[in-house]
Amino acid sequence: MKPVRAVYPGTFDPFTLGHRDILERAAGLFSHVTVAVAESTLKKTLFSAQERAALAEGEIKGIPNADVRIFRGLLRDFVLQEGYGAIVRGIRGVSDFSYEVQMAGVNRMLVPEAETLFLMTQPSLEFVTSSSVREIGALGGSLEGFVSESVAKAVRAKFGRAESSAWSERR
(Lines give C-alpha, C1' and ligand atoms only; values in the text may rest on other atoms or scores of the structure.)
Protein backbone atom coordinates (compact mmCIF):
# COMPACT_ATOMS: atom_id res chain seq x y z
CA MET A 1 0.00 0.00 0.00
CA LYS A 2 1.37 3.41 -0.92
CA PRO A 3 1.45 6.19 1.67
CA VAL A 4 -1.47 8.54 1.19
CA ARG A 5 -1.65 12.11 2.43
CA ALA A 6 -5.11 13.28 3.43
CA VAL A 7 -6.81 16.62 3.89
CA TYR A 8 -9.42 17.24 6.59
CA PRO A 9 -11.21 20.42 5.42
CA GLY A 10 -13.68 22.61 7.26
CA THR A 11 -14.31 25.96 8.85
CA PHE A 12 -13.48 24.68 12.36
CA ASP A 13 -15.25 27.66 13.97
CA PRO A 14 -14.10 26.63 16.54
CA PHE A 15 -12.20 23.32 16.62
CA THR A 16 -14.21 20.91 18.81
CA LEU A 17 -13.46 17.65 20.60
CA GLY A 18 -15.36 15.94 17.76
CA HIS A 19 -12.92 17.43 15.25
CA ARG A 20 -10.03 16.20 17.37
CA ASP A 21 -11.54 12.69 17.49
CA ILE A 22 -11.82 12.52 13.69
CA LEU A 23 -8.31 13.94 13.23
CA GLU A 24 -6.70 11.46 15.65
CA ARG A 25 -8.29 8.51 13.87
CA ALA A 26 -7.45 9.86 10.41
CA ALA A 27 -3.82 10.32 11.51
CA GLY A 28 -3.72 6.59 12.24
CA LEU A 29 -4.89 5.79 8.71
CA PHE A 30 -2.81 8.15 6.59
CA SER A 31 0.87 9.05 6.34
CA HIS A 32 -0.01 12.70 6.91
CA VAL A 33 -3.22 14.67 7.58
CA THR A 34 -3.62 18.38 6.97
CA VAL A 35 -6.38 20.23 8.80
CA ALA A 36 -7.41 22.63 6.05
CA VAL A 37 -9.12 25.70 7.45
CA ALA A 38 -11.37 27.33 4.86
CA GLU A 39 -10.62 31.05 4.61
CA SER A 40 -13.26 32.30 2.24
CA THR A 41 -16.60 30.85 3.14
CA LEU A 42 -20.21 31.82 2.75
CA LYS A 43 -20.62 31.17 6.47
CA LYS A 44 -20.29 34.05 8.90
CA THR A 45 -17.61 32.90 11.32
CA LEU A 46 -16.92 33.93 14.90
CA PHE A 47 -13.16 33.64 14.42
CA SER A 48 -11.04 34.81 11.49
CA ALA A 49 -9.28 32.14 9.41
CA GLN A 50 -6.00 33.02 11.13
CA GLU A 51 -7.60 32.65 14.58
CA ARG A 52 -9.25 29.35 13.62
CA ALA A 53 -5.94 28.02 12.31
CA ALA A 54 -4.12 29.10 15.48
CA LEU A 55 -6.73 27.35 17.65
CA ALA A 56 -6.44 24.20 15.50
CA GLU A 57 -2.62 24.34 15.82
CA GLY A 58 -3.02 24.16 19.58
CA GLU A 59 -5.31 21.16 19.23
CA ILE A 60 -3.06 19.05 16.99
CA LYS A 61 -0.15 18.95 19.44
CA GLY A 62 0.80 15.34 20.04
CA ILE A 63 -0.21 14.25 16.54
CA PRO A 64 3.17 14.20 14.76
CA ASN A 65 1.83 13.53 11.28
CA ALA A 66 -0.67 16.41 11.25
CA ASP A 67 -0.43 20.05 10.35
CA VAL A 68 -2.78 23.00 9.85
CA ARG A 69 -3.07 25.10 6.72
CA ILE A 70 -5.45 27.82 5.59
CA PHE A 71 -6.88 27.51 2.09
CA ARG A 72 -8.90 29.84 -0.05
CA GLY A 73 -11.26 28.98 -2.88
CA LEU A 74 -12.26 25.53 -4.05
CA LEU A 75 -11.09 22.53 -2.06
CA ARG A 76 -10.40 20.94 -5.45
CA ASP A 77 -7.64 23.43 -6.20
CA PHE A 78 -6.00 22.94 -2.80
CA VAL A 79 -6.14 19.13 -3.14
CA LEU A 80 -4.58 19.17 -6.61
CA GLN A 81 -1.97 21.80 -5.72
CA GLU A 82 -0.81 19.90 -2.64
CA GLY A 83 -1.23 16.37 -4.02
CA TYR A 84 -3.60 14.91 -1.43
CA GLY A 85 -4.99 11.46 -2.20
CA ALA A 86 -7.87 11.52 0.26
CA ILE A 87 -10.44 13.90 1.74
CA VAL A 88 -11.53 13.10 5.29
CA ARG A 89 -15.01 14.07 6.43
CA GLY A 90 -16.49 13.56 9.88
CA ILE A 91 -20.04 12.32 10.35
CA ARG A 92 -22.04 12.71 13.56
CA GLY A 93 -25.27 11.08 12.46
CA VAL A 94 -27.76 10.44 9.70
CA SER A 95 -28.41 14.12 8.99
CA ASP A 96 -24.69 14.73 8.40
CA PHE A 97 -24.47 11.68 6.16
CA SER A 98 -26.97 12.96 3.60
CA TYR A 99 -25.16 16.28 3.22
CA GLU A 100 -21.70 14.68 3.20
CA VAL A 101 -22.64 12.14 0.49
CA GLN A 102 -23.81 15.04 -1.66
CA MET A 103 -20.54 16.93 -1.06
CA ALA A 104 -18.48 13.77 -1.75
CA GLY A 105 -20.25 13.45 -5.09
CA VAL A 106 -19.43 17.04 -5.98
CA ASN A 107 -15.80 16.54 -4.92
CA ARG A 108 -15.63 13.31 -6.93
CA MET A 109 -16.68 15.23 -10.04
CA LEU A 110 -14.29 18.12 -9.36
CA VAL A 111 -11.28 16.11 -8.15
CA PRO A 112 -11.52 12.41 -9.09
CA GLU A 113 -7.88 11.98 -8.05
CA ALA A 114 -8.89 12.06 -4.36
CA GLU A 115 -11.13 9.62 -2.53
CA THR A 116 -13.47 10.85 0.20
CA LEU A 117 -13.41 8.87 3.43
CA PHE A 118 -16.16 9.28 6.05
CA LEU A 119 -15.31 8.72 9.70
CA MET A 120 -18.04 8.50 12.33
CA THR A 121 -17.35 10.45 15.47
CA GLN A 122 -17.47 8.50 18.70
CA PRO A 123 -21.02 8.30 20.11
CA SER A 124 -20.25 10.51 23.11
CA LEU A 125 -19.44 13.39 20.72
CA GLU A 126 -22.32 12.99 18.24
CA PHE A 127 -24.09 16.09 19.55
CA VAL A 128 -21.03 18.39 19.52
CA THR A 129 -21.17 21.04 16.82
CA SER A 130 -19.26 24.27 16.35
CA SER A 131 -22.57 26.16 16.15
CA SER A 132 -23.69 24.78 19.53
CA VAL A 133 -20.32 25.77 21.00
CA ARG A 134 -20.78 29.32 19.71
CA GLU A 135 -24.32 29.53 21.09
CA ILE A 136 -23.41 28.12 24.50
CA GLY A 137 -20.41 30.46 24.61
CA ALA A 138 -22.53 33.48 23.70
CA LEU A 139 -24.95 32.64 26.51
CA GLY A 140 -22.21 32.07 29.08
CA GLY A 141 -22.63 28.31 29.52
CA SER A 142 -19.91 25.78 30.29
CA LEU A 143 -18.13 24.42 27.22
CA GLU A 144 -16.61 21.49 29.07
CA GLY A 145 -17.04 18.30 27.06
CA PHE A 146 -17.44 20.26 23.81
CA VAL A 147 -14.01 21.84 23.32
CA SER A 148 -10.62 21.91 25.02
CA GLU A 149 -10.07 24.43 27.79
CA SER A 150 -7.90 26.62 25.55
CA VAL A 151 -10.62 26.80 22.87
CA ALA A 152 -13.24 27.50 25.55
CA LYS A 153 -11.11 30.37 26.80
CA ALA A 154 -10.92 31.83 23.27
CA VAL A 155 -14.69 31.49 22.79
CA ARG A 156 -15.39 33.18 26.12
CA ALA A 157 -12.99 36.00 25.22
CA LYS A 158 -14.83 36.59 21.92
CA PHE A 159 -18.04 37.11 23.87
CA GLY A 160 -16.42 39.09 26.69
CA ARG A 161 -17.27 36.39 29.22
CA ALA A 162 -15.29 35.36 32.28
CA GLU A 163 -14.21 31.78 32.89
CA SER A 164 -17.12 29.40 33.39
CA SER A 165 -17.53 28.51 37.06
CA ALA A 166 -18.38 24.90 36.17
CA TRP A 167 -14.94 24.42 34.60
CA SER A 168 -13.01 26.08 37.42
CA GLU A 169 -14.88 24.09 40.09
CA ARG A 170 -13.79 20.77 38.55
CA ARG A 171 -10.08 21.51 38.59
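General remarks:
- Considering the stretch 59-73, and only residues there that are under 13 Å from the mean Cα position of the chain (by Cα) and either exposed (fewer than 14 other Cβ atoms within 10 Å of the Cβ) or among the acidic types (Asp, Glu) (or both), the residue that is modelled with the lowest pLDDT turns out to be Glu59.
- Residues (among the charged types (D, E, K, R) and within 8 Å of the chain's Cα centre (by Cα)) located in the stretch 14-56: Arg20
- Hits in the stretch 1-36 (condition: over 18 Å from Phe127 (Cα atoms) and in a helix (DSSP H, G or I)): Glu24, Arg25, Ala26, Ala27, Gly28, Leu29
- Of all residues in the stretch 65-93, none that is without any contact (Cβ under 8 Å) to a residue 40 or more places away in the chain and under 17 Å from Met103 (Cα atoms) has its Cβ atom under 8 Å from the Cβ atom of a residue that is basic (Lys, Arg) and buried (at least 20 other Cβ atoms within 10 Å of the Cβ), 6 or more apart or on another chain.
- Qualifying residue in the stretch 88-109 (condition: among the small types (Gly, Ala, Ser), over 29 Å from Pro3 (Cα atoms) and modelled with pLDDT of 90 or more): no
- Which listed residue is over 30 Å from Gly160 (Cβ atoms), charged (D, E, K, R) and buried (at least 20 other Cβ atoms within 10 Å of the Cβ), from Arg89, Arg108, Arg76: Arg89
- Residue count for the stretch 81-126 satisfying the condition of being hydroxyl-bearing (Ser, Thr, Tyr) and closer than 18 Å to Thr11 by Cα: 3.
- Restricting attention to the stretch 37-69, the residues that are farther than 20 Å from Val155 by Cα and part of a strand (DSSP E or B) add up to 3.
- Selection from the stretch 124-146 of residues that are of a type in the set (Asp, Glu) and either more than 17 Å from the chain's Cα centre (by Cα) or over 24 Å from Ile91 (Cβ atoms) (or both): Glu135, Glu144
- Residue check for Glu100: of a type in the set (D, E, K, R), closer than 14 Å to Val35 by Cβ and surrounded by 13 or more Cβ atoms within 10 Å (Cβ to Cβ): no
- Looking only at the stretch 78-111, and only at residues there that are out of contact with any Phe, Trp or Tyr (no Cβ under 8 Å at 6 or more places or on another chain) and among the charged types (D, E, K, R), the one that is nearest to Leu42 (Cα to Cα): Asp96
- Which listed residue is farther than 17 Å from His32 by Cα, touching an Asp or Glu at 6+ places or on another chain (Cβ under 7 Å) and of a type in the set (Lys, Arg), from Arg108, Arg92: Arg92
- Screening the stretch 105-149 for residues that are of a type in the set (A, V, I, L, M, F, W, C) and in a loop (DSSP other than H, G, I, E, B) and picking the one that is nearest to Ile22 (Cα to Cα) gives Val128.
The values are calculated or read from the model by the stated rules, or taken from the named source; none is laboratory data. Bear in mind the structure is a predicted one, so any value in this text is a computation, not a measurement. Counting neighbours? That spans all protein chains shown, and the Cβs are built from the backbone with ideal geometry, glycine included.
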